[in-house]
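Reviewing the structure listed below.
The values are calculated or read from the model by the stated rules, or taken from the named source; none is laboratory data. Computed from a predicted structure; not experimentally measured. A quick note on method: Cβ atoms are made from the backbone with ideal geometry, for glycine too, and the neighbour counts reach across all protein chains shown. Surface areas here come from the heavy atoms of the whole protein model, side chains and all, with no ligands, DNA or RNA. Shrake-Rupley method; radii C 1.70, N 1.55, O 1.52, S 1.80 Å.
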Amino acid sequence: MDKLEAGAPREGRLGRERRSLVLSAAASTSPGDLPVDDHDRPVEPVTGYGRLDAARPSLLRRWRDPLIVVLALGVLWELALATSLLSQEYFPRVGELAGALADLLGSQTFWTSVLYTLAGWGLGLLISVPVGVFAGIAIGSHWLTYRAFRPVVEFFRPIPSIAYLPLAVVALGSGMRLTIFLVALATSWHILIQTIYGVRSVEAVTMDTATVFRFPYRYRLFTVILPSALPSIMTGVRLASTIAIVLTITAGLVVGSPGIGSLVIRAQLAGQTTGMYALIFVAGLLGWGLDILVRRVQHSVLVWHPSTRKGTP
Amino acid sequence: MRRRQRWLGTVAEIGTPAALVVVVAIWSTGTASFFFPPLPSILESVWTLWLAGPYRGDVEASALRGLAGFGVATVLGISLGIALATLPRIARAVHPVLEFLRAMPPPVLVPFALTLFGIANSGKIFIIVATAIWPILLNTTDGVRSVDPLVLDTSQVYRLNGWRRIWSVLLPAASPQILTGMRTATSITIIVTIVSELVGSFDGIGYQLLRAQRTYGMVEMWSGVIILGLAGYLISVIFMVIDHKMLSWFHGARGSR
C-alpha cells in the first residue's frame, strides 16, 4: 500500500472520495466474481487449511504435531534402511544426509550456486514484472487493443516454458544470460495475462465514477485501475515466482547453467548419491522459502484488500 | 455506434494474428538469419516431421508417459486428498511436510529418478507422479474441507455413508477445486516429462529437442516448440470442455447467488 500511496497524488479535496473509490473497486475483484474468461484463469494454488489456522494457537502447539511427523518419518526411513526395504546403495542414512548438508554449508561453491540460483530468479522477475504489468495495462485498458491481442496472448499462453530452452541455448549459450532470459520470457507471460484480467475486471461503475470526477488518466491509473488489478497481478507474481525457480533449476540440470541445478546433476553423474539428496533437499528449502517470501509480500501489498482482511479476526 | 464497435472488434481479433503471421512468414523467408528459419517450412515440418514423420514415435512415447504419470497422480492425489480431509488432525500435522514437497521445484527430482531407475520408463512415470500429485492432493483436501456444512448435514440425515458419501456428496462438491489442482498438475506433467527426456532418455519429444539443439537443427526446434504449444492448447481445450460439461451446475449456482 505504501507504494501505491506514493504513486497516488497527495490527499487533496478528493481525498475521501478517492479512498472510498479504491475500496469499492477492490471489493469488486473479490475472488467470488471473476472476469468472463474465468474458467481459464490460473486459479490461486491452495495455501493452507484457512479456517483452521484462523485461531492461532501457541508456537509450540502449532509445531508439535508436524515435528512428530518429521521425526516419525525419520525413524521409518532408518527402519526401512535397516531392514533393507530401501537399498543403502541408493538411499543415505539420516546421519549421512545431515553430514552431507553440513559439508554443503561449509563449501564455497555451494553458496555461490545458491547465489546464482537466487540471482536467476530475482533478475528474471525484475525484468518480467514491470514488462508484464506495463504491457498488461496497455493491452487491457482499451477494448480494441484487448480484442486485437487476446488471440495472440491465448496462442502463446499454453506453450510450456520448457519448450524455449533448446532454442535459447543455441542463441545464448549456457551462462547466466540464458537463465535470466528464460525466466523473464516465461514469467512475463503470466504476469501479462493476470494484469490484463485485473485491468479488465475493474468495475464499470468505478470507472464511470472516476470519469464523472474527471480524474485524468494518470490519476485514474494509480487510484482506480492499479489498486483494482493488484490482487490479480499479485497472483501472477506468485505463479511467476514458482515458474522462475523451476526454470532456473531446469537450466542448471539440462545445460549446466550456474546454480543448484547444475550441482545436483553433477553430483548425480559423479555417483555422489548422498550429496545429491542433500542438494535436492536444499532446493526444496529454497523453493519453500521463496514461496513463503512471495506470499508475505502478497499479503503485505494487499492488507487493505477485503479478500485478505476477511481471514483476520 | 455499437454495431461499428462490434465489427471493428472482430476485424481486430482476426486481423492482428493474421497480420502477425504474414509479417513473420515474409520476414523469416526473406532473412538469411540462421536462427529464424522460414515460418512455412517450420509449419510444414510440424506435420512431416512430428505428426506424420520420423518423430511420431517420440510424440507417442512422451504422450504415453505423461498420460500414465498424470493418471496415477490424479487417482492417488484424489484418494489421499479425501483421506486426509477426513482426518483433520493428521492433515494439520503433515501439512508442513506436504507444503515442502509441493514447493520443491519438480525438475530437481529428475536426477533422483535417474539414480533410482536409470533411464527406464518407470523412472520417468514415477517422477511425474511424485511431482504432479501435490497440487491435486492439496486441492482435493481443501475442496472437501470446504464443502458446505449444510450439504454434509443433509447427507448425514439421509444416512449416506462410506462410498456413497464420498462418491455422490464429497467428490462432486469438491470437483471444481479438484479440477483446478489437475490443471496445475498438467503443466507440471509437461515440464517433468520433457526435462526427464532432456536429461536422460533415448526417445521422446525432449530427446529429439536435445538432438536438434546439438545438431543446430533450427527447424526441428521451432517445430518442436509448436508441438508442445499444441499439446498445451489441446490440454486447455479438454479442460474447458470438462469444465463446461461437468461444472455447469457450479457456474450456474455461482451466477445465481
Among the listed residues B:Gly57, B:Gly66, which satisfies the condition of being in contact (Cβ under 8 Å) with a residue 12 or more places away in the chain, part of a helix (DSSP H, G or I) and open to solvent by 30 Å² or more (accessible area, probe 1.4 Å)?
B:Gly57
Just one of (1) closer than 30 Å to B:Ala174 by Cα; (2) open to solvent by less than 30 Å² (accessible area, probe 1.4 Å); (3) modelled with pLDDT of 90 or more trips up B:Leu80, so point out which.
(2)
Say whether the condition of being buried (at least 17 other Cβ atoms within 10 Å of the Cβ), at pLDDT 85 or above and among the hydrophobic types (A, V, I, L, M, F, W, C) is met by at least one residue in the range A:269-276.
yes
Just to confirm my filter: which helices (runs of 4 or more DSSP H) fall fully inside the range B:126-241 and include at least 1 residues that are more than 11 Å from every other protein chain (Cβ to nearest Cβ), among the small types (Gly, Ala, Ser) and open to solvent by less than 30 Å² (accessible area, probe 1.4 Å)?
B:149-157, B:171-199
From A:Ser174, A:Ser201, A:Ser141, residue being of a type in the set (Ser, Thr, Tyr) and within 30 Å of B:Ser196 (Cα to Cα):
A:Ser174
Restricting to the range B:20-37, count the residues that are modelled with pLDDT of 85 or more and either open to solvent by less than 50 Å² (accessible area, probe 1.4 Å) or among the β-branched types (Val, Ile, Thr) (or both).
9
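Please verify whether the range A:253-266 includes one or more residues that are more than 20 Å from the chain's Cα centre (by Cα) and under 19 Å from B:Phe100 (Cα atoms). Walk me through it before giving the result.
Keep residues of the range A:253-266 that are more than 20 Å from the chain's Cα centre (by Cα), which gives A:253-258, A:262-266.
Cutting the leftovers down to under 19 Å from B:Phe100 (Cα atoms) gives us A:264.
Checked against the condition, which is being more than 20 Å from the chain's Cα centre (by Cα) and under 19 Å from B:Phe100 (Cα atoms), the range A:253-266 yields at least one hit.
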Every residue in the range A:156-177 that is part of a helix (DSSP H, G or I) and either within 7 Å of another protein chain (Cβ to nearest Cβ) or β-branched (Val, Ile, Thr) (or both), please.
A:Ile162, A:Ala163, A:Tyr164, A:Pro166, A:Leu167, A:Val169, A:Val170, A:Ala171
Might you check whether a residue that is touching a Ser or Thr at 6+ places or on another chain (Cβ under 9 Å), acidic (Asp, Glu) and either assigned by TED's automatic domain parsing to the domain that holds A:Thr109 or closer than 24 Å to B:Ser187 by Cβ (or both) occurs anywhere in the range A:206-213?
no
Please pick out the residue among A:Leu59, A:Leu101 that is in the same structural domain as A:Ile233 (by TED's automatic domain parsing), farther than 20 Å from A:Ser188 by Cβ and among the hydrophobic types (A, V, I, L, M, F, W, C).
A:Leu101
Please go through the range B:242-251 and give me each residue that is open to solvent by 40 Å² or more (accessible area, probe 1.4 Å) and not charged (D, E, K, R), ordered by number.
B:Ile242, B:His244, B:Met246, B:Ser248, B:Trp249, B:Phe250, B:His251
Before we move on, is A:Gly252 assigned by TED's automatic domain parsing to the domain that holds A:Ala163, assigned to a helix (DSSP H, G or I) and either buried (at least 17 other Cβ atoms within 10 Å of the Cβ) or hydroxyl-bearing (Ser, Thr, Tyr) (or both)?
yes
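For the range A:124-132, check the following and say yes or no: at least one residue is open to solvent by less than 50 Å² (accessible area, probe 1.4 Å) and either part of a loop (DSSP other than H, G, I, E, B) or farther than 18 Å from A:Val294 by Cβ (or both). It would help to see each step written out before you state the result.
Kept after step one, since they are open to solvent by less than 50 Å² (accessible area, probe 1.4 Å), are these residues of the range A:124-132: A:124-125, A:128-129, A:132.
If we keep only those that are either part of a loop (DSSP other than H, G, I, E, B) or farther than 18 Å from A:Val294 by Cβ (or both) too, we end up with none.
Checking the range A:124-132: not a single residue is open to solvent by less than 50 Å² (accessible area, probe 1.4 Å) and either part of a loop (DSSP other than H, G, I, E, B) or farther than 18 Å from A:Val294 by Cβ (or both).
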